[in-house]
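See below for the structure under consideration.
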Amino acid sequence: MTHPRIGLIGLGTMGRALALNIAENAEPLAVYNRTTSKTDDFIAHTRANEPALADRLTPADSLEGFVQSLATPRAIILMVDAGAPVDKVIAALRPLLNDDDLIIDAGNANFHDTNRRAQEAEAAGVPFIGMGVSGGEEGARHGPSIMGGGPRDHWDRVANVLESIAAKYGDTPCATWMGTGGAGHFVKAVHNGIEYADMQMIAETYGIFRDGMGRDAARIGATFAKWNEGPLQSYLVEISGKVATATDPETGKPMLDIILDKAGQKGTGRWTVIEAQHLGAPIPVIEAAVCARNTSARLQQRQRGQDSFGAAPLLLPEGTLSDDTLEGAMIAGKIMCYAQGFDLLHAASAHYDWGLPMPEVARVWREGCIIRSSMLNDMASALESAPDDNLIFAPFFHDLVEQHMPALRTTVATALSHGLAVPALSAAVTWFDMMRTARSTANMIQGQRDFFGAHGFERTDRDGKDYHGPWAMGG
Ligand code: NDP
């Protein structure tokens, strides 16, 4: 019997899908799950439905048996809950492994944890990779986008397997080494931050259609489906169209109309915002999206607000906003959101000395992941020409911004004057206006700081720092 080289621990939603993907598109593998009944169920289910793949799976009912079933040097993928479970599994696994056996954490780890684990692995002289995997269950099964981090030579050991199972854009696999330590998990977190913002902007546009124009869900879905054939072509616009047109089989009502309007945020979206603050990188569209989810969760307060102040959204007069204007607003908003995401990656790359391959980041997101969209290919080209520049300055996107900014501004102004909440879209306008204002209002902030705290300021007419205003002298 030949022993597989690859093992996978954690047969939850993602682990099962990834195991079948590896078995189908790469090579046979060993699998293990803490709760062994899940392993049995997985094997039985696979044998019933995909018997050829079941033959390529070697199940184990103990960690020791799992390790022994693998040929050396081993490569073991962890697909368990992020956080303490990863540390627990590594602690249980390491003593059973040889020094050249590779552990790959493929869950949604906080990149700080991955940095720590990478340092611990390096100190112990054992190989470790932290790897972001995007695309949900469907992606994991049929081709995810994979963002790797850790020592390059460890990535190279398994690159052919990861490229075999990754989504393909044309012939190019969406699996890339991003840098050392937690670089892969950081890129995945920012991906998720952009995902939050993209979803929020779609939801806000849905809100304008629903509350500002009184359109039903099916009609809104049809509009999203149409937009998906143009510049907004993307997985999220596509699925939003499908979500909006779906009917609840139990009630016959539009599915959207009976889904509770309460969204949570955890993990990667939150980490993206926190890290952006640490790095001083402005990502207001992503922040607004995370904040909007938090506000949505305050269901009772929102009900009380409506009872106290009256319902906010007012119907727009007929013809106030056209579908084309809203499409243009989404295009401009999307560019702002990605520009901020890449700007954050740039700041992190410099701070952590990762040397993130910016065009490769855009390329790895072109297929397989949740934020895949036709715009990403143009973003990859723009970042190829000027990897350190903000995307809005790339000629292609500069022109698109000029073309669609009026639509975004009109949309936001109209929405705000009618009480329609558009936090992410309006954050995009405000950020854009700040970005094109050479003389900002921060001189007032600096004056205030100097007044109350003698913090000092720079002058526009002289070199040097630490000037003070006349108030410091009692003036
Ligand atoms: P599930 O809840 O479906 O599965 C969790 C898995 O983790 C189970 O196999 C569980 O084992 C195992 N596990 C949890 N705690 C421990 C522990 N202490 N020791 C050993 N095993 C443990 O989660 P998902 O498959 O959805 O997610 C797995 C990882 O992938 C997470 O980090 C998640 O954030 C990430 N991810 C998820 C995506 C998604 O769309 N779902 C997308 C991209 C990444 P047991 O059965 O014994 O409880």
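Annotations
- Sequence ranges 309-319, 181-191, 277-287, ranked by mean other-Cβ count within 10 angstrom, highest first: 181-191, 277-287, 309-319
- Over the chain, relative contact order from alpha-carbon pairs under 8 Å, at least 6 apart, %: 13 percent
- Degrees, to the nearest 10: 36-49 long Cα axis against longest axis of the chain: 90 degrees
- Mean projection area, nm², convex hull over Cα of the chain: 28.5 nm²
- Charge dipole (debye, nearest 20) of the chain; +1 at Cβ of Lys and Arg, -1 at Cβ of Asp and Glu: 880 debye
- Segment 2-21 and segment 137-168 have Cα centres separated by 13 Å.
- Candidate cross-link partners of K334 among the lysines, defined by an alpha-carbon separation under 24 Å and a same-chain spacing of 8 or more, comprise K168, K188, K226, K242, K262, K266.
- Rounded to 10°, Cα long-axis angle of helix 217-227 versus longest principal axis of the chain: 80 degrees
- Between helix 13-25 and the chain: long-axis angle, C-alpha atoms, 0 to 90°, nearest 10: 60 degrees
- Of all aspartates and glutamates in the structure, those lying under 18 Å Cα to Cα from K465, and not within fewer than 8 positions of it along the same chain, are D450.
- Charge dipole of the chain about the Cα centre (unit charges at C-beta), most positive-ward option of V273, A52, P387: V273
- Rounded to the nearest 20, the size of the Cβ-charge dipole of segment 189-435 about its Cα centre is 820 debye, with Lys and Arg at +1 and Asp and Glu at -1.
- Over segment 189-435, relative contact order from alpha-carbon pairs under 8 Å, at least 6 apart, %: 29 percent
- Linear extension gain, D461 paired with A222, 0.36 nm per residue minus alpha-carbon span: 80.3 nm
- Helix-only [θ]222 nm of the chain, DSSP H runs n ≥ 4, -39500 (n - 2.57) each, per residue, nearest 500: -17500 deg cm²/dmol
- Computed over every Cα-Cα pair of segment 311-395 and binned at 5 Å starting from 0, the pair-distance distribution P(r) comes out as 3, 13, 20, 20, 14, 8, 7, 7, 5, 2, 0 percent.
- Its relative contact order, with pairs defined as Cα atoms under 8 Å and 6+ residues apart, puts segment 383-472 at 13 percent.
- Ranked by how many other beta carbons lie within 10 Å on average, peptides 458-464, 342-348 from highest: 342-348, 458-464
- Calculated on C-alpha atoms, the gyration radius of segment 6-181 divided by its Kirkwood radius gives an Rg/Rh of 0.94.
Bear in mind these aren't lab numbers, they're just calculated from the coordinates by the rules spelled out. As the structure is a prediction and not an experimental result, all values here were calculated from the model. Please note: Cβ atoms are built from the backbone with ideal geometry, for glycine as well, and neighbour counts cover all protein chains shown.
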